Amino acid sequence: MKKKEIKKLTQSEIIKNLEVFKKDLFNLRFQKNNGQLKSPAKFKETRKNIARLKTIMRGKNA
């Protein structure tokens, strides 16, 4: 997700997306351990999306 897209989201939508990305990260770790991971770049992308969501959420709370 881009920063502009995240800024347009409401607080509840941000939380919902954050949960989805955390589940995706969990599944990616599982796939890595089983040797089924096809795209290792998804790790970096997913972690960055989680960080962006948390940053914007912290800014909206202030």
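Taken together, the values in this text are just the output of simple stated rules run on the coordinates, not laboratory data. Note that the coordinates shown come from a computational prediction; the quantities given were computed from them, not determined experimentally. Using ideal geometry, Cβ is built from the backbone for each residue, glycine included, and neighbour counts are taken over all protein chains shown.
The residues neighbouring GLU13, those whose beta-carbon lies less than 13 Å from its own, together hold a net charge of +2 under the Lys/Arg +1, Asp/Glu -1 convention. Using 0.36 nm per residue and subtracting the Cα-Cα separation, the extra length available between ASN61 and ASN33 on full extension is 6.4 nm. Note on the chain: dipole from Cβ charges, positive end direction compared against PHE43, THR10, ILE56; the farthest Cα belongs to ILE56.
Compared with the dominant principal axis of the Cα atoms in the chain, helix 11-34 is inclined by about 10°.
Taking every pair of Cα atoms in the chain, average 1/r, invert it to obtain the Kirkwood radius, and report Rg/Rh to two decimals.
1.05
Summarising the label geometry, the points placed 7 Å from Cα in the beta-carbon direction at LYS23 and GLU45 lie 1.9 nm from one another. Charge dipole (Cα centre; +1 on Lys/Arg Cβ, -1 on Asp/Glu Cβ; no other charges) of the chain amounts to roughly 260 debye.
So what's the back-of-envelope 222 nm ellipticity for the chain, counting only DSSP H runs of four-plus at -39500 (n - 2.57) apiece and dividing by all residues, rounded to 500?
Mean residue ellipticity, 222 nm, calculated: -27000 deg cm²/dmol.
From the cross-link list LYS23/LYS60; LYS16/LYS48; LYS8/LYS42; LYS32/LYS60, which pairs have alpha carbons spaced over 28 Å apart? With Cα atoms farther than 28 Å apart: LYS32/LYS60. Principal-axis analysis of the Cα atoms of the chain puts helix 41-61 at an angle of about 20° to the longest axis.
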